[in-house]
Structures are given as structure tokens and as C-alpha cells.
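Chemist: Below you'll find the structure I mean.
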Amino acid sequence: MPTRPPDKPAAGLGALTSTARHLSHEKALRPGLKALRRINQVDGFDCPGCAWPEALDRSHFEFCENGAKAVAAETTGKRVTSKFFADHSVSDLLERSDYWLEQQGRLTSPVIRRAGSDHYEPISWDDAFAHAARLLRELDSPDEAAFYTSGRTSNEAAFLYQLFGRMFGTNNFPDCSNLCHESSGVGLTRSIGLGKGAVQLSDFERADAIFIIGQNPGTNHPRMLSTLLAARRRGAEIVSINPLRERGLERFTDPKEALPTLLGRGTQLSTVYLQPKVGSDVAVLKGIMKLVLEADDRARGEVLDREFILNHTVGFDALAADLHATDWNAIEEQSGLARADFEAAADVYIRARATIVCWAMGLTQHENAVDNVIACSNLLLLKGNIGRPGAGPCPVRGHSNVQGDRTVGITHQPSPAFVDGLRRAFNFEPPAEAGMDVVETIHAMHDGRIRFFMSMGGNFHSASPDTDYTAEALRKTDLCVHVATKLNRSHLVTGSEAMIWPCLGRTEVDLQQTGPQSVTVEDSMSCVHASSGRKSPASPHLLSEPAIVAGLAKATLPEGGKVDWDALIANYDVIRERIEDVLPIFADFNKRVRQPGGFVLRHPAAHREWNTASGKAEFGVVPMPSIRLSSDQLRMFTIRSHDQFNTTIYGMDDRYRGITERRVVLLHPDDIATRGIGPGDIVDLVGAGDDGRVRVARAFRVVAYDVPQGCAATYFPEANVLVPIGSTARGSNTPSSKMVPVTLRPSE
């Protein structure tokens, strides 16, 4: 196995050949190519992948390699039928790899695994709804049910889902945001009053500097690279802060460009690239801000935006005092960086008139993740880089509608305004008690307090932390219901009974009583737009997600909760009207979403309106964590391969890193040498939490790589077994998957 990545730019010709290869492999060359012509188009469907937005002026090829893989997977000619489940027991399927499960193709009809059986068997939709409804009505309390949501769920389906759950009587709505950007929401709400990014795509055309922290856009948000390329070509500077040197942050070739360009070395994106130790983000940001303050002192107040700080913020004096008191030795020791590294990044920020700071899960999955986000806000606020063109915070969501789901009510802690809106619009009393997030739900299942678990998409078992503990929890439920398009491991790790309910995909036509329907999604920059599939469904037995929710609601709620569910799913305009009734920000929803490109939800902070307790943007003093590990421990963090999306494994080719297998651990050469092992050796990774449980991930191949000394990179979800259920971010309860102390031992 290579120990260094191939010397080629991200994307380029390799992305085109990879796209063709995946379409052919999925037996989807013709339908896949047809679908790709409609992906992310104004009259087409939204990519099932990441939430990076689209410009109004779009090319005919508005997709990336990983979006093409998602389309290939959805338009595949392979099918999972009732014969498949007759031939394969659950025990047999549990022995298969995640990649093998993905490769079996689209689910075609609802199935049930009854108590005591090792096989799924067919069940009609009516019987499936009745079976789930019967258990729900037998629960001692509505809070013995939990309703999980993945980021692929549309606004319309998510709104109906939360409406049904709250009419049933619970706020138990754990969702994938709890696992990824919850820390962004909490941190931004504290600092600027709303837990969303405050930039638009047009701001990247005006920014002088773009900071990218804890994010690998080349794999997780590849279309972002085209935006960065345009910014770099017009002279914007890009500062990348990441423990790994990621090819997508170094050099990029846009696959849409001419052949001579495709064959070249691409464009260098990052003008400054820092590789700090894992867990030192606050130290890095404090070091940069400390230099900004020192420059302001030398320039007699000409660096900071003093007028903005005076009129729009509180807490600056406390922050300045904390930064002045922070010792440089501590900053350098924690980060593993030298003073010159900080100076290079600080100089970019000082020179820039407008700066955007982007981040992803490299910041949000730490015990001090909320502090990381507040530190990003602090940096921006110093020069008034929120609420003006070319500037602002930009958390980049990894799933296409995770932000929209939260906006329309998927949360275990709904706001009083949202609850009031539901009460007025639907004439019922929503539950008052806060529900459970993902980690709380896992604990509750483990304790026997959750008996019914439903997952609207996603792969809950594999995406969650401490997967052995999570598996134990899931197996203690009475019934697990999974709405899905393809088979995954969560369908095999279940309670006494389980059902799989197959749904339409984004590419497929959703034909209801009044004709083909469109759904809507919200991207990372608060733009709401329509998504309309046109491909024939993979099976005549598939239902849309809204129809599935309506079917369960009608079977469960007395008199359907006095809601006309049939009318809601006959025409999704009616659902959008009800969303508008509850959420005034969606005024004229149906009219505005029919505009080319949709519409942008108003972000108060983008207009320098601060919905905080003080009424102003708030600087926050955050402590620099002191991470002390024993000499044999490493700081493990999880990453993704280029051949995967979230927990979905498309293949084994992580070509930007030169790696072609998944059970690998990336180590600094000196860490390999001091442990008496060599590249290619097979080791076990051992971790432990405060609960005394020893967690082991077995048989990982050692790879020498450019990673900071003392750190170790492993793929998600294979290493999730090592993330302790009790290690979560303060304030957001997000699992700390990016900072897990581990030791190595020869594999047994």
C-alpha cells in the first residue's frame, strides 16, 4: 500500500473516470446519465449528498463526483426482493461488510422480521402500519417511542413526521444533527443569536480571505472546491487548518474545464496550510487572535473594527484580557505549531477586508466543540466580519437537508414560538417536556425506557458512537422501523421485531392524487428550493416519505388526530401551507419556492440584528483545554474515505490518500517507530471511557502518513466502536469522535 498520496490534483479527469466507473458498476449507465442531467438544476432534483448550495447561474453539469456516486447508487439496476430475504438470514447478513450490503441494490417492498425469526418476510403496507400502530398504542407512555431523522428527509416529510410524533405525545426527535453540527447551532446561537451560517454563495465572490477549519471539502463537499477555485483565481487567500494535508485543500482541477486543463497539475488553493494537533482548535484560534490584537496595538487601533465592536458587541474587554494573558508557550505546546505558523495565518486575516470562516465536523465533534465554534465567531467579530458582504460564519452541513429538517421542527427541544404555532395551526396541545437527543436515546434504549424506535432514513447503528453499546441498546427495544432505499447495518441490529419500509429516492417521480409532486430542502446557506424527481420508481411498491408518515399517523392516532392526512399527501402544496401556518418565515411558501432557485430564509445576524440575551453579538471567553495523555496513547480522530458518503460505502478507493482498504490507522512515521511496529503491520486499537468499559477495534493496518505526531486517523464508521458514549461536547451532547485517546497493540 502506498504511504503517500498520488501527486495529482483533486477532481479533474479522475473524477470523470470515477463517475463513469460507478455508473457502469451499478448497472445504471443510461438511467444514471439521464438523472445527472437533472441533478441540482432549477427544474430538477436536489443532490442526495451534501448541502453545498447552487448558484442561480448553473452549468449543465452541476454535480460532483460524490453526487454522481449517490445518483448511481439510487438509480442502480440491482434489486433486493423478498427472495433475497428468504435466501439470506439476518445472522448471515450481519457477517457481510457494509460495502456488500450497499451493493445489493434498492429495496422493493416492505418486510418484517417477527419475534423469534432470523428472516425478514413480506408484509403489506396496511398490515405494516397496523403492526407499528398497535405497539405504539400499547406503550405505557408516548415517551417510550423515539423518532430519528436523517438529513435526506425533505421539509415536507420532516414536518409531517414531527407533527405525528407530537400529536402522539412525545418530543423524542433525535436526529443526525445531534451527531454532527449540533455544536455549531449551540455556539452560533450563543454568539450571534441563530444557529446557522450567515453567508450566501455570493459572499465567496467578495471575500478577501477564506479560512477552512476542520473540513475536507474535496471528499465531503466537492462542489465547494469550484467556489474556492473561483475565489483563489481572483486573488482571495485561503487558509486551511487541518491535521491532515488533504488533496482537495491543496490542488484542484475543475472537471468541467477543457481537456488541457484537466491534464495539468491544477490550481493551488491554500495559501497557508496549518496542521495542528487534534483537539487544539481553541489554541490555534487564540494564537491567531492574539496576534491580531498585537497588530492592533502597534497600529494604534487601526486593525480591529472598533466602531462595530462598540455598537454591535459585548464582551470584548474580557476576551482581550484573556488573549493577552494566554501564554505563547502553552499555545505552541497544545497546537504543535510554531509562532511563524500563526503569523502566516494572522497576516492573512489582518490584510483581508472581508473574511469567511468555514468549518465542519473537525470542529464540532470534541468535548469543547461549542467553544471551538464560539472561538470562530470571536475571530470574525474582531474585524466586524459578520453582517456585511464577503464575510461571516459558514458551517458546512454534510447532508442535503439536515438544516431544513431542524427548521421545520425536527428537534427534541422545540422553541416556544414553534410550539405555539403548532397549537394554533392544528388545535392540539403539544408535549411540554423536552425530548431526547441521540445520545440520550441510546441510553434510554439501553435502560429499557425506549421500546419503539423509528428511523426516517439513515444508518443509526453505524453513525452513532460506541457502536457495541448502541447495538446492545437497539436490541433491547420491542420494535425498530426503518424507512430506507437500500439495505444497511441498522436493519440487522434491531429489537425483538423489525420492519423495513422502502421509500422513493430523490431521483424518482413522486406521483400523488393531484399529479407529480415536488418536495423542498434547505441548503447550508438557508436557501429553500424545490426538488422534483422524474425517474420511474425502482418498484411499484415504494411509497414517498410523506405518504409513509401519513399512513402510520392514520393507523395510530384516534381519528387521525383530526388531521386530513390524505389531503396533505394528495398535494404537497397543502403541506407547505401548513408549514407556513406554523412558521411565519415561510410566508408565501408555495409562491416563493416556485421562483427559479427558490428563496433564502432571513438570517437576522446577516443584517446585524442579534437575537441574543444582550441584544448584541457576544464575544465569549473560552478556555484552552489541557490535553494530557500517557506516553503510549494517541489522539485518534475519524475521517471519511473518498469512496463513501456518511456511512454509505461506495467502494475501496480513497484515491486522494492512495489507500485502497478501510481498516487502516494513519500514523506519523515516528509514532510507528517508537512503538516497535512497521507500516503494513496489523494492530488493534484500544480505548476506554470513564465508565470503565474497554473498547477494541480489531485488525487495522498501519499506514505511515503526514499526520501530526501523537495523532491517529481512522475511518468512520469502522472506528466508531472506540468513541465512548459518555464523551460528548459540553452544551451540545455531540459525541467527541474527533478526539479519542487510544493505544495500539499487536492484533490477535
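Chemist: Below 8 Å, C-alpha to C-alpha, sequence gap of six or more: please give me the relative contact order for the range 476-530 in percent. The partial results should precede the final answer.
Modeler: Values: 60 pairs, mean separation 14.6, N = 55.
Reported relative contact order: 26 percent.
Chemist: With no solvent and one equal point scatterer placed on each C-alpha of the chain, evaluate the Debye formula and give log10 I(q)/I(0) for q = 0.05, 0.11 Å⁻¹, two decimals.
Modeler: -0.23, -1.23
Chemist: Right, next: Order these peptides, 196-204, 160-168, by their mean beta-carbon neighbour count within 10 angstrom, highest first.
Modeler: Details: 196-204: 22.2, 160-168: 25.7.
Per-residue Cβ counts within 10 Å, averaged per peptide and sorted highest first, yield 160-168, 196-204.
Chemist: For the range 643-691, compute the orientation-averaged projected area of the C-alpha convex hull (one quarter of its surface), in nm². Show your work: numbers first, answer last.
Modeler: Values: hull surface 21.3 nm².
Average projection, Cα convex hull of the range 643-691: 5.3 nm².
Chemist: If each DSSP helix of 4+ residues adds -39,500 (n - 2.57) and the sum is divided by the residues in the chain, what number results at 222 nm, nearest 500 deg cm²/dmol?
Modeler: On the way: 30 runs with 263 residues, N = 748.
Taking each H run of at least 4 residues, the total per residue is -10000 deg cm²/dmol.
Chemist: Sticking with this structure for a sec: Could you let me know the centre-to-centre spacing of the range 153-180 and the range 49-70, using Cα atoms, in angstrom?
Modeler: Between the Cα centre of the range 153-180 and that of the range 49-70, the gap is 27 Å.
Chemist: Taking the Cβ-Cβ separation of residue 475 and residue 99 as r and a Förster radius of 25 Å, what is the calculated FRET efficiency to the nearest 0.05?
Modeler: Numbers: r = 24 Å, r/R0 = 0.95.
The calculated FRET efficiency here is 0.60.
Chemist: For residue 496, which sequence-distant residues (separation of 5 or more, or a different chain) have an amide H within less than 5 Å of its own amide H, given hydrogens modelled in the peptide plane?
Modeler: 477, 478, 479
Chemist: Pulled fully out, how much extra length does the chain show between residue 271 and residue 43, if you take 0.36 nm times their separation in residues and subtract their Cα-Cα distance? Numbers along the way, then the final one.
Modeler: Details: separation 228, 0.36 × 228 = 82.08 nm, distance 3.76 nm.
Taking residue 271 through residue 43 to full extension adds about 78.3 nm, to one decimal.
Chemist: All other residues with a Cβ under 13 Å from the Cβ of residue 306 taken together, and with Lys, Arg as +1 and Asp, Glu as -1, what is their net charge? Before the final figure, lay out the partial values.
Modeler: Values: positive: 300, 383; negative: 296, 297, 302, 305, 307, 317.
Combined, the nearby Lys, Arg, Asp and Glu give -4.
Chemist: Also, I was wondering about something else. Assuming R0 = 56 Å, can you tell me the calculated FRET efficiency for the pair residue 314 and residue 512, based on Cβ-Cβ distance, to the nearest 0.05? Intermediate results must be reported in sequence, preceding the final value.
Modeler: Values: r = 51 Å, r/R0 = 0.91.
Efficiency computed from Cβ-Cβ geometry: 0.65.
Chemist: At 0.36 nm per residue, and after removing the present C-alpha to C-alpha distance, how many nm does the segment from residue 415 to residue 202 gain when stretched out fully?
Modeler: Details: separation 213, 0.36 × 213 = 76.68 nm, distance 3.06 nm.
Result: 73.6 nm gained on full extension.
Chemist: If you average the C-alpha positions of the range 303-357 and of the range 516-547 separately, how far apart do those two centres end up, in angstrom?
Modeler: 44 Å
Chemist: Take peptides 585-598, 104-117, 216-229 and line them up by average Cβ neighbours within 10 Å, highest first, as a rough protection proxy. Walk me through the intermediate numbers first.
Modeler: Numbers: 585-598: 15.5, 104-117: 19.1, 216-229: 23.4.
The packing order, highest mean first, is 216-229, 104-117, 585-598.
Chemist: If you don't mind, another one. Evaluate the relative contact order of the chain (contact order divided by residue number), counting alpha-carbon pairs under 8 angstrom at least 6 apart; express in whole percent. Don't skip to the answer; put the middle values down first.
Modeler: Working: 1668 pairs, mean separation 160.7, N = 748.
Over the chain, the number comes to 21 percent.
Chemist: Taking a ≥ b ≥ c as the square roots of the Cα gyration tensor eigenvalues, with a/c under 1.5 meaning rounded and otherwise prolate when a/b beats b/c, else oblate, which class fits the range 441-481?
Modeler: Numbers: a/c = 1.99, a/b = 1.08, b/c = 1.83.
Since a/c reaches 1.5 but b/c is at least a/b, the shape of the range 441-481 is classed as oblate.
Chemist: Could you give me the ³J(HN,Hα) list for the range 422-435, computed from phi with Karplus coefficients 6.51, -1.76, 1.60 and θ = phi - 60°, whole Hz, x at Gly and Pro?
Modeler: 4, 4, 5, 6, 10, 6, 9, 9, x, x, 8, 6, 4, x
Chemist: How much accessible area per residue does the range 486-546 have, in Å², with a 1.4 Å probe?
Modeler: Details: 1660 Å² over 61 residues.
Using a 1.4 Å probe on heavy atoms only, each residue of the range 486-546 averages 27 Å².
Chemist: Excluding ligands, DNA and RNA, what is the solvent-accessible area per residue of the range 26-75 at a probe of 1.4 Å, expressed in Å²?
Modeler: Working: 2110 Å² over 50 residues.
In whole numbers, the range 26-75 has 42 Å² accessible per residue.
Chemist: To the nearest µm²/s, what D does Stokes-Einstein give for the range 192-313 at 20 °C and 1.002 mPa s, using the Kirkwood radius over alpha carbon pairs as Rh? Walk me through the numbers before you get to the answer.
Modeler: Details: Rh = 16.6 Å.
D = 129 µm²/s.
Chemist: While we're looking at this one, here's another question. Could you grab the relative contact order for the range 425-534? Cα pairs under 8 Å, six or more apart, rounded to a whole percent.
Modeler: On the way: 158 pairs, mean separation 20.1, N = 110.
Dividing the mean separation by the residue count of the range 425-534 yields 18 percent.
Chemist: Of all beta bridges DSSP finds with both residues in the chain, what is the antiparallel percent, to the nearest 5?
Modeler: Values: 36 of 88 bridges.
So the antiparallel bridges amount to about 40 percent of the total.
Chemist: Sorting check: for 287-295, 635-643, which peptide has the highest mean count of neighbouring beta carbons within 10 Å, and how do the rest follow?
Modeler: Numbers: 287-295: 21.1, 635-643: 23.8.
Taking the mean over residues of other Cβ atoms within 10 Å, the ranking is 635-643, 287-295.
Chemist: Residue-wise, which Karplus ³J(HN,Hα) couplings in Hz belong to the range 127-137, taking 6.51 cos²θ - 1.76 cosθ + 1.60, θ = phi - 60°, and x for glycine or proline?
Modeler: Rounded to whole hertz, the list is 5, 5, 4, 5, 5, 5, 4, 4, 5, 4, 5.
Chemist: Something else now. Give me the accessible area per residue for the range 571-693, probe 1.4 Å, as a whole number in Å². Don't skip to the answer; put the middle values down first.
Modeler: Numbers: 5390 Å² over 123 residues.
Ligands and nucleic acids excluded, the result is 44 Å² per residue.
Chemist: Now for a different question. Spelling out what I want: for every residue of the range 684-696, take phi, set θ = phi - 60°, compute 6.51 cos²θ - 1.76 cosθ + 1.60 (Karplus), and round to whole Hz; glycine and proline get x.
Modeler: Taking θ as phi minus 60°, the curve returns 9, 9, 10, x, 8, x, 5, 7, x, 6, 8, 10, 10 Hz for the range 684-696.
Chemist: Tell me, what is a quarter of the convex hull surface for the C-alpha atoms of the range 418-532, in nm² with one decimal? Let's see the in-between values first.
Modeler: On the way: hull surface 39.8 nm².
The directionally averaged projection comes out at 10.0 nm².
Chemist: On to the next question. Are there cysteines in the chain with no second cysteine's Cβ under 4.7 Å away, and if so, which?
Modeler: 47, 50, 64, 176, 180, 376, 480, 503, 527, 711
Chemist: Moving on to the next point. Checking the cross-link filter: which aspartates and glutamates have an alpha carbon closer than 17 Å to that of residue 616, excluding same-chain neighbours under 8 positions apart?
Modeler: Cross-link targets: 305, 307, 317.
Chemist: Still on this structure, please answer the following. Determine the alpha carbon to alpha carbon distance for each of 83/486; 196/290; 69/535; 562/591 and list only those over 20 Å. Walk me through the intermediate numbers first.
Modeler: On the way: 83/486 15 Å; 196/290 26 Å; 69/535 16 Å; 562/591 27 Å.
Violating the 20 Å Cα-Cα cut-off are 196/290; 562/591.
Chemist: Something else: Considering only protein heavy atoms and a 1.4 Å probe, what is the carbon-and-sulfur percentage of the accessible area of the chain?
Modeler: Accessible surface attributable to carbon and sulfur in the chain totals 50 percent.
Chemist: Take the Cβ-Cβ distance between residue 694 and residue 630 as r, set R0 to 22 Å, and report the resulting FRET efficiency rounded to the nearest 0.05. Present the calculation step by step, with values, prior to reporting the outcome.
Modeler: Details: r = 15 Å, r/R0 = 0.69.
Given R0 = 22 Å and the Cβ-Cβ separation, E is 0.90.
The values are calculated or read from the model by the stated rules, or taken from the named source; none is laboratory data. Here the structure is a predicted model, which means the values were calculated and not measured. Note: ideal-geometry Cβ built from the backbone for every residue, glycine included; neighbour counts use all protein chains shown. These area figures cover heavy atoms from the full protein model, side chains too; ligands, DNA and RNA do not enter into them. Shrake-Rupley method; radii C 1.70, N 1.55, O 1.52, S 1.80 Å.
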